[in-house]
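Structure record follows, encoded as structure tokens.
Readers should treat all values here as calculations from the given coordinates under stated rules, not as data from a laboratory. What you see is a predicted model, and the numbers here were worked out from it, not measured in a lab. When we count neighbours, we look across all protein chains shown, and the Cβ atoms used for this are built from the backbone with ideal geometry, even at glycine.
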């Protein structure tokens with residue numbers, strides 16, 4: 001397993017890098033409450049074919065102490081990381097918050113050639129929720145994570161918690177418990193300002209993956225796809241919002257089949 005490195009460009013973000021140095025770059029942007037190493041099972045399957053860069057996002061994992069105060073500052077930090085490690089076009093795999101970040105980076109002109117959004121956090125808000133989110137964000141930032149609530153939340157997003165690998169579940173819960181609520185609250189506070197979404201210039205091929213389990217964000221993913229000029233959707237059976245470690249063979253096949261259709265990856269645990 002690759003070891004975390006400290007990014008020389010930002011001097012604050014920590015990241016994993018693996019795969020052939022000469023291979024095409026693939027940037028992983030993980031989801032809220034996660035970290036890069038939770039994606040190792042699928043990234044290990046992709047690593048023979050891509051040079052994978054997987055940062056722990058601000059407020060998560062080994063980048064826990066990084067606390068951008070605005071979306072603009074957050075994106076500037078990511079762009080500095082990208083500029084340090086990637087010269088030229090690259091591909092993106094973004095989950096949940098990572099899908100939203102991918103969209104925002106595209107709007108800022110990043111040279112992404114193909115992107116996979118795994119249940120991206122890109123959805124419309126009802127007027128009352130839109131108005132109340134900044135108030136809720138202030139309260140959210142003041143409260144600690146509660147393990148029982150985190151476990152209940154993650155279980156509600158899973159396909160079947162009874163069949164989950166307890167070691168990987170424990171790792172996910174531990175990562176979520178370490179994540180920074182102030183950074184999460186920053187996104188809650190500023191989320192309404194990102195609306196309305198504009199996909200008119202998002203012209204690259206884009207695959208939206210969703211789990212078969214019906215959740216709000218799964219339905220939002222299905223509603224999003226028709227708005228994307230070159231978007232398509234694939235549903236991963238027997239999986240929920242997190243998509244990880246429930247049906248990894250199907251997940252890897254969908255990702256690889258879209259990113260590089262001419263290659264096939266044999267799945268191994």
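Of all residues being over 22 Å from residue 242 (Cα atoms) and assigned to a strand (DSSP E or B) in segment 96-142, which is farthest from the chain's Cα centre (by Cα)? Just the residue, please.
That would be 113.
Could you grab me the full set of residues in segment 67-88 that are part of a loop (DSSP other than H, G, I, E, B) and exposed (fewer than 13 other Cβ atoms within 10 Å of the Cβ)?
Matches in segment 67-88: 69, 70, 87, 88.
Quick one: would you say residue 53 is farther than 23 Å from residue 174 by Cβ, in contact with a strand residue (DSSP E or B) (Cβ under 7 Å, 6 or more places away or on another chain) and assigned to a strand (DSSP E or B)?
yes
Would segment 97-106 turn up any residue that is surrounded by fewer than 19 Cβ atoms within 10 Å (Cβ to Cβ) and farther than 26 Å from residue 177 by Cβ?
Scanning segment 97-106 turns up at least one residue that is surrounded by fewer than 19 Cβ atoms within 10 Å (Cβ to Cβ) and farther than 26 Å from residue 177 by Cβ.
Could you please find all residues in segment 214-224 being part of a loop (DSSP other than H, G, I, E, B) and over 18 Å from the mean Cα position of the chain (by Cα)?
214
Kindly check whether there is at least one residue in segment 156-177 that is closer than 22 Å to residue 74 by Cα and under 16 Å from the mean Cα position of the chain (by Cα).
yes
Just checking, does segment 59-66 include any residue being in a loop (DSSP other than H, G, I, E, B), out of contact with any helix residue (DSSP H, G or I) (no Cβ under 8 Å at 6 or more places or on another chain) and under 23 Å from residue 181 (Cβ atoms)?
Yes, the conditions are met somewhere in segment 59-66.
Could you pull out the residue among 157, 204 that is over 14 Å from residue 100 (Cβ atoms), in contact with a strand residue (DSSP E or B) (Cβ under 7 Å, 6 or more places away or on another chain) and either free of Cβ contacts under 8 Å to residues at least 40 places away in the same chain or surrounded by 16 or more Cβ atoms within 10 Å (Cβ to Cβ) (or both)?
Just one listed residue meets the conditions, 204.
Please pick out the residue among 168, 178 that is surrounded by fewer than 20 Cβ atoms within 10 Å (Cβ to Cβ), closer than 17 Å to residue 43 by Cβ and touching a helix residue (DSSP H, G or I) at 6+ places or on another chain (Cβ under 8 Å).
The conditions single out 168.
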